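Comments concern the structure below.
The values are calculated or read from the model by the stated rules, or taken from the named source; none is laboratory data. Since this is a predicted model, take the numbers as computed values, not measurements. Glycine gets a Cβ as well: all are built from the backbone with ideal geometry, and neighbour counts include every protein chain shown. Side chains are part of the model used for accessible areas, which takes the heavy atoms of the whole protein and leaves out ligands, DNA and RNA. Shrake-Rupley method; radii C 1.70, N 1.55, O 1.52, S 1.80 Å.
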Amino acid sequence: MPDRSESESRKLLRRLRDTLAEPGQGQERLDRIVGLIADSMGTEVCSVYLFRDPGTLELCATRGLRAEAVHRTRLRLGEGLVGRVARTRRPVNVANAPAERGFRYLPETGEEIYSSFLGVPIQRLGECRGVLVVQSKAARGFSEDEVYGVEVVAMVLAEMAELGAFAGESEALRRPHQNPVTFRGATGQEGAAEGRVWLHEPRVVVTNPVADDPLAEVERLRAAVARLRDAVDDLLVAADTGDKEQAAVLEAYRMFARSRGWSRRMEENITLGLSAEAAVEKEQSEARARLEHVPDPYLRDRLHDLDDLSNRLLRILTGQGRDALDRMPGDPILVARNIGPAELLDYGRRLRGVVLEEGAVGSHAAIVARALAIPLVIHAQRITTEAMKGDAILVDGDQGIVHLRPEETVAAAFRDKMAMQAEAQERYASLRTLPAAARCGTTVALHMNAGLMADLPSLESSGAEGVGLFRTELQFLIRASMPKRAELAAIYGRVMDAAHGRRVVFRTLDIGSDKVLPFMKRPDEPNPAMGWRAIRVGLDKPGVLRMQLQALIRGAAGRPLAVMFPFVAIPGEFAAARAALLREIDREAGLGHVLPATVAIGVMLETPALAFAPRDFFAGADFVSIGGNDLKQFFFAADRENERVRRRYDTLDVAFLALVEHIVGRCAETGTPLSFCGEDAGRPLEAVALAAMGLRSLSMRPASIGPVKHVIRAVDLGEVRAEVAAARAAGAPSARPAVTRLVAALAPG
Ligand code: PEP
Ligand code: MG
């Protein structure tokens, strides 16, 4: 790096820092800053553009352009060269700007006489605050060192903005973390919540972005990197499970921690005048900016690793750790980029809501949030950079919308909605002990879905008749290692204890597809949902299935046991699974263990093929439960995890209802009890339609039992059936309009 950049850059950064200490409003500071930068760079022009709102940049200070353009010149994101820098978050460096494609001529600025242009984003941790521009008359490109130097300056400006240095009378200069922001994400779990932000990973505050003594800063950085490397080595030893693939991933993580390039770049940042913390953040910002442009999931994971390492390094350097949970507010809404299921369980029911930047509907965190009945919004992009601890926040899990620091009018409307929901809940609570008896006299048994011990108190509060689906894989998903048989037997026993004699249907492990065990090798499959999952794994590698069946038999300890096998596609799979259970019962008997009082062996109908299996299959199953989530996904060939298609096809489509009716008929032929345990069972309209098709048992989330019961009690199932038949006869593609009209008239609200 040439001398000029090093010493000049350091001098400049120190001067910038000094402006922080001087008195004055934000605008005065900015004016001083653009002057300092122009002098130091030897350019005629230096300007700062800041975001006025997420789509508009405003010229906020300039040396060299016309003063009257300040706060008047505005550009949309992507417009002109400045807008391009902000959109791509990459520098633009051109010798002849007016000739450049996309150049936008702004007559009020008088910039047409300046030929060369260098614009760099003012960004911090991937969040772009604005653009710093230097321009000069001479048509020359800026050298790589100069670009780097300006980037370092922009970094310091971003830190200063974060510290509120530019707060003043101008709207555009307000600290970004004070404005209301709305995030449109996706629903992870329905429900509404109001509360205060609790950051899972609180942001590290860098109070001094400028190095006073670069040598000392480099030493600090080196010491911190050494500590980080030791910590990562320890982590690797602790996480060693013998799994080769996992080891490879962790090895890549270690490689990053040891990367010379990473350390060198950070040290260069210090040489140019940044403090150790600011140097780490600069690299982190760039990794985040790159992350947004990398489609390859493997590379994205690696960039996440780098981000994670940077966070650790910042915590070592600043001594700032995670916030102690005992300081959590009374109404916490957890905001995180992503969170593991075990970490979410640690927070437990204390949380009012959860908002994630990433996540998927079927992710482990989503499963846990659902089990805890906590409203969850996923894909709330950039919320971790916007939200500050303690900010007011509203989570609308129904719509997938989050309001951060909401205006009072928005908050008031939101509270009205919550009050209405609470009123409805009260109404449902009064139905708790009443049966779901329709006006025609038919009663539908309502059961609940569960998977964690945390679900079980809902058995009492919801009025469920039992657990229609216990997803056993959740106990595996929340652990870092394979649970032991005795441990599982104890859990299953406790589940039955908590059910107080009500029936609990245990579904054997359904892993693969969206549910990947952290400690098991994941096969590389092009279509995991249609791949090696659930009973297919259980039959091919029977060790885990056998262990689980033994744990179930022991957990029952003389009580009735109900087991069902997931994702069966052909009768032979069910026969093999059933035989495996019977073998284990014999074996347990041989070992002298107490056997369950009765054993019911059922099957989940989740593939269209099984609906057309021979009669003997239905006759041989003790019960059948329709897994509507998967059945619908395969019937319509629409991935249940894919936001683009998952809502495209409807349960009340006459074709799907015909399939359900067909299954009802098949089970009726052999007198095989039938239930439905997909998400649709918990949606009132869908539940009524399913009951009208002949289902007499539904299993759903506990929170849905009240609303479903309310609607079933209001309708005559014969009338609903007649509406569906009429829609079919009329050639309508969907029964939804007709059923909606009927239900709205009979069960308003
Ligand atoms: C289903 O597929 O409907 C079901 C209940 O199983 P899961 O959602 O766990 O796949
Ligand atoms: Mg399923």
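Things worth noting here:
- Relative contact order for the chain: 10 percent, from Cα pairs under 8 Å spaced at least 6 residues apart, divided by residue count.
- Computed from backbone phi, the HN-Hα couplings of the range 146-154 come to 5, 4, 4, x, 5, 4, 5, 4, 4 Hz, rounded to whole numbers (Karplus: 6.51 cos²θ - 1.76 cosθ + 1.60, θ = phi - 60°; Gly and Pro given as x).
- Residues 570, 333, ordered by accessible area of protein heavy atoms at a 1.4 angstrom probe radius and largest first, appear as 570, 333.
- Whole-Å distance, taken between Cα centres, linking the range 614-679 and the range 514-580: 20
- Taking Cα atoms only, the orientation of helix 485-499 departs from the longest principal axis of the chain by about 70 degrees.
- Low-density loop cleavage sites - chymotrypsin sites (Phe, Trp or Tyr not before Pro) in the range 89-147, where at most 10 other Cβ are within 10 Å (DSSP): 105
- Highest mean packing comes first when the peptides 151-164, 60-73, 253-266 are listed by Cβ atoms within 10 Å, giving 151-164, 60-73, 253-266.
- Put simply, the Cα atoms of the chain extend 89, 59, 46 Å along their principal axes, the longest span coming first.
- Overall, the accessible surface of the range 434-746 at a probe of 1.4 angstrom is composed of carbon and sulfur to the extent of 57 percent.
- Working note: Debye formula, equal point scatterers on the alpha-carbon atoms of the range 434-746, no solvent; log10 I(q)/I(0) at q = 0.07 Å⁻¹ is -0.27.
- For the chain, the solvent-accessible area works out to 41 Å² per residue, with a probe of 1.4 Å and every protein chain left in place.
- Relative contact order computed over the range 434-746 (Cα-Cα under 8 Å; 6+ residues apart), in percent: 19
- Peptides ranked, highest mean first, by Cβ atoms within 10 Å: ranges 346-359, 688-701: 688-701, 346-359
- The chain, dipole about Cα centre (Lys/Arg Cβ +1, Asp/Glu Cβ -1), debye to the nearest 20: 1360
- Rounded to two decimals, the Cα radius of gyration of the range 3-162 over 2.2 N^0.38 Å is 0.94.
- Per residue of the chain, the DSSP helices (runs of n ≥ 4 H) give a summed -39500 (n - 2.57) that works out to -14000 deg cm²/dmol at 222 nm.
- Gyration tensor verdict on the range 308-380 (Cα atoms; rounded if a/c is under 1.5, prolate if a/b is larger than b/c, oblate otherwise): oblate
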